[in-house]
Amino acid sequence: MIQRGGLEIPTDQPALDVEGLTVTYGQEPALWNADLRLSRGSLAAIVGPNGAGKSTLLKAALGVVPRVSGRVRVLGEDPARRRRLVAYVPQRTSVDWDFPTSVLDVVLMGTYGQLGWFRRPGRKERALALQALEQMEMADLAGRQIAELSGGQQQRVFLARALVQDAEVYFMDEPFAGVDAVTEQSIASLMGLLAHQGKTILSVHHDLATVPRYFEHAVLLNRVVQAVGTVKEVFHRSNLDRLYGGRVPANVPEFASS
Ligand code: ADP
Ligand code: MG
């Protein structure tokens, strides 16, 4: 048992436990009977073609999509009871960046969970937010409007917000999409650091070439979970051929083994 922000977290529970999860928006299921278990400290990529249900899986883990059937547990509890311990980095392109708000304000949103709804962020929260921006090398842009940032800078702001939450579990949706090489490197280092601290990371990842470099575990998803395990165990040519229906993107690296 560890104590975090007034919550007791059983250390023997998986970070994420999904059993028989089916999600449908309309007729076709976006996820079908998905089973997935991630132990704490996992650094995992969700990989699969467009429309495979990758974002849906993250949203189900956040408890924000209706489930047809199945069960989701985050650190042993319903996602709704784990919000305080979960940080979410949404897909950058799914966000309205014209919303008039400053970089610092976006990061301060990360402190709301700890504050509760009725307290406004104060000096301590501002210091934490600036520290997270510092860590993402964005402190000098704290006063900027988010609409004025480049894609890579916007992504750094999201990561700073996730950092300020001081979560146990991080769900990220394509954090590397559309960022420059320097930002890519800092995101990868940050993920490695968090995992090293025992945090759990589950991130949708579109670039197959960098899966072995950045991740330890992989979830191969195409409406059903086709494989889950260490990259070494599951990230193989034959699995990927099956996952992409024989149309594996060209940028796949040499595999560790097969
Ligand atoms: P991925 O992230 O792997 O590209 P998604 O989880 O976004 O896939 O979507 C899976 C499927 O569900 C797709 O067919 C998509 O069109 C559909 N879908 C996703 N979100 C919604 C929604 N809010 N309403 C209706 N259909 C949706
Ligand atoms: Mg998606």
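Among (1) buried (at least 17 other Cβ atoms within 10 Å of the Cβ); (2) within 16 Å of ligand 1 (Cβ to nearest atom); (3) at pLDDT below 95; (4) not acidic (Asp, Glu), which single condition is residue 221 missing?
All conditions pass for residue 221, except number (3).
Confirm whether residue 60 is over 26 Å from residue 212 (Cβ atoms), within 16 Å of ligand 2 (Cβ to nearest atom), small (Gly, Ala, Ser) and touching a Lys or Arg at 6+ places or on another chain (Cβ under 7 Å).
Yes: the conditions hold for residue 60.
Please go through the range 142-178 and give me each residue that is among the β-branched types (Val, Ile, Thr) and within 16 Å of the chain's Cα centre (by Cα), ordered by number.
Scanning the range 142-178 gives 157, 164, 169.
Determine if the range 31-53 includes at least one residue that is away from ligand 2 (no atom under 16 Å from the Cβ), more than 14 Å from the chain's Cα centre (by Cα), within 30 Å of residue 11 (Cα to Cα) and of a type in the set (Gly, Ala, Ser).
Scanning the range 31-53 turns up at least one residue that is away from ligand 2 (no atom under 16 Å from the Cβ), more than 14 Å from the chain's Cα centre (by Cα), within 30 Å of residue 11 (Cα to Cα) and of a type in the set (Gly, Ala, Ser).
Pairs under 7 Å by beta carbon, first residue of a type in the set (A, V, I, L, M) in the range 79-94, partner part of a helix (DSSP H, G or I), six or more apart or different chains?
86/62; 87/162; 87/165; 89/158; 89/159; 89/162
How about the range 31-42: which of its residues are within 12 Å of ligand 1 (Cβ to nearest atom) and surrounded by 21 or more Cβ atoms within 10 Å (Cβ to Cβ)?
Listed by number, the residues that qualify are 31, 34.
Please give the strands (runs of 3 or more DSSP E) falling wholly within the range 1-99 in which 2 or more residues are hydrophobic (A, V, I, L, M, F, W, C) and farther than 29 Å from residue 157 by Cα.
Qualifying strands (runs of 3 or more DSSP E): 16-24, 29-38.
Of (1) crowded, with 21+ Cβ neighbours inside 10 Å; (2) within 16 Å of ligand 1 (Cβ to nearest atom), residue 111 satisfies all except one. Which?
That leaves (2) as the condition not met.
So which of 45, 61, 52 ends up being within 15 Å of ligand 1 (Cβ to nearest atom), of a type in the set (Gly, Ala, Ser), modelled with pLDDT of 95 or more and closer than 27 Å to residue 193 by Cβ?
One residue alone meets the criteria, 45.
The conditions are (1) away from ligand 2 (no atom under 15 Å from the Cβ); (2) within 23 Å of residue 20 (Cβ to Cβ), and residue 202 fails exactly one of them. Which is it?
(1)
Of the conditions (1) more than 19 Å from the chain's Cα centre (by Cα); (2) outside any helix (DSSP H, G or I), residue 104 fails just one. Which one is it?
The one condition residue 104 does not meet is (2).
Taking the stated definitions as given, is residue 134 assigned to a helix (DSSP H, G or I), more than 18 Å from residue 195 (Cα to Cα) and either modelled with pLDDT of 95 or more or acidic (Asp, Glu) (or both)?
So residue 134 passes the test.
Which of the numbered conditions does residue 209 fail, given that it passes all the others? Conditions: (1) in contact (Cβ under 8 Å) with a residue 12 or more places away in the chain; (2) closer than 20 Å to residue 130 by Cα.
Single failed check for residue 209: (2).
The values are calculated or read from the model by the stated rules, or taken from the named source; none is laboratory data. This structure is a prediction, so every number in the text was calculated from the model and none was measured. Note that we place each Cβ from the backbone using ideal geometry, even for glycine, and neighbour counts take in every protein chain shown.
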